[in-house]
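Heads up: the structure comes next, in structure tokens.
The values are calculated or read from the model by the stated rules, or taken from the named source; none is laboratory data. Please read all numbers here as calculations on a predicted model, not as lab measurements. Heads up, the Cβs are rebuilt from the backbone with ideal geometry, glycines too, and the neighbour counts pull from every protein chain shown. The area values use the complete protein model at the heavy-atom level, side chains included, leaving out ligands, DNA and RNA. Shrake-Rupley method; radii C 1.70, N 1.55, O 1.52, S 1.80 Å.
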Amino acid sequence: MYETLALVGATGAVGRIVLEQLAERELPFKRLKLLASERSVGKEVRFRGETLKVELLEPSAFNHIDLVIASTPDEVSAEFAPWAVKAGAVVVDESGYWRMDPKVPLIVPEVNPEAVDNHQGIIASPNCSTTQMVVALSPLHRAARVRRVVVSTYQATSGAGLAGNEELNDSVRSALVGQTHPPKTFQHPIGFNLIPQIGSEKHEGYTSEEMKMVYETRKILGDE
């Protein structure tokens, strides 16, 4: 049993789901600490019948923490994860920052759980599209050496966090009354729309989201 678990990004879209899963799966720990940026400090969150207050994400917040589960933007993870490791915690990080670091295992439990043995304080979680694909791909690859995969993903606005969901709601409302909601989170109005691109342009016309799947799959399966 863990003494103390910390959730970083507790008030975000993914953080809320992590809280639901911690309660549903009854992960054993004695104390839960919720951490977030300054604008969320003091917010109250209900968990297992208790009211917990969100605390500031800072180096001293990781004192006496055993396990950290985190969902933050890449630049936030780059800053706080070393704080947590220095304090003696193990970080399970959902951001993209650490995924391709050669010192950080990239884990899908159903595929490569043995890789966790080599962690040095940080364990990375893959992109959502990569995760579900490699679960299906791994046994096929072991049996027949898969060399090429054609992938189509249809991704929710929630992939952009709470701001993405809010923009969808606002854009839909505007469209229903014949108006156009100016996009901020997305490149085009998202209400009743499908944008055939996710991420920025990268290698030979592929986007960053597409190349994540290429690089992460190679790392998880241990095959270039």
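Restricting the first member to region 208-224 and to residues that are acidic (Asp, Glu), and the second to residues that are crowded, with 20+ Cβ neighbours inside 10 Å and part of a helix (DSSP H, G or I), the beta-carbon pairs closer than 6 Å and six or more apart or on different chains are GLU216/THR130.
On the basis of being under 23 Å from ASN127 (Cβ atoms) and open to solvent by 70 Å² or more (accessible area, probe 1.4 Å), does GLU75 make the cut? So GLU75 fits the description; yes.
For every residue, the table says whether it meets (1) hydrophobic (A, V, I, L, M, F, W, C); (2) under 15 Å from the mean Cα position of the chain (by Cα).
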| residue | (1), (2) |
| --- | --- |
| SER77 | no, yes |
| HIS119 | no, no |
| ILE123 | yes, yes |
| CYS128 | yes, yes |
| MET133 | yes, no |
| LEU140 | yes, no |
| SER152 | no, no |
| SER158 | no, yes |
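With the structure loaded, tell me whether LEU168 is surrounded by 14 or more Cβ atoms within 10 Å (Cβ to Cβ) and of a type in the set (A, V, I, L, M) or whether it fails that test. For LEU168, the condition - surrounded by 14 or more Cβ atoms within 10 Å (Cβ to Cβ) and of a type in the set (A, V, I, L, M) - is met.
Of all the criteria given as (1) touching a helix residue (DSSP H, G or I) at 6+ places or on another chain (Cβ under 8 Å); (2) surrounded by 14 or more Cβ atoms within 10 Å (Cβ to Cβ), the one not satisfied by GLU110 is (2). Can you name the residue in region 42-71 that is in contact with an Asp or Glu (Cβ under 8 Å, 6 or more places away or on another chain) and among the hydroxyl-bearing types (Ser, Thr, Tyr) and is also most open to solvent (accessible area, probe 1.4 Å) among such residues? Checking each candidate, the answer is THR51. Just to be sure I understand the filter: pairs with C-beta atoms under 7 Å, separated by 6 or more residues or on different chains, first member in region 121-144 and surrounded by 17 or more Cβ atoms within 10 Å (Cβ to Cβ), second member modelled with pLDDT of 95 or more and among the small types (Gly, Ala, Ser). Which pairs pass? Short answer, once both residue conditions are applied: ILE122/ALA81.
Considering region 1-106, the qualifying strands (runs of 3 or more DSSP E), each wholly inside and each with 1 or more residues that are in contact with a strand residue (DSSP E or B) (Cβ under 7 Å, 6 or more places away or on another chain), over 21 Å from GLY164 (Cα atoms) and among the β-branched types (Val, Ile, Thr), run over 2-8, 44-47, 50-53, 67-70, 90-93. Looking at region 178-217, which of the residues that are of a type in the set (S, T, N, Q) and within 22 Å of THR131 (Cα to Cα) is most open to solvent (accessible area, probe 1.4 Å)? Only one residue tops the list, namely GLN197. In this structure, GLY222 does not satisfy being open to solvent by 60 Å² or more (accessible area, probe 1.4 Å), more than 30 Å from PRO139 (Cβ to Cβ) and of a type in the set (Gly, Ala, Ser).
Taking the options TRP83, TRP98, name whichever one is in contact with a Ser or Thr (Cβ under 9 Å, 6 or more places away or on another chain) and farther than 28 Å from GLU24 by Cα. None of the other options fit; the residue is TRP83.
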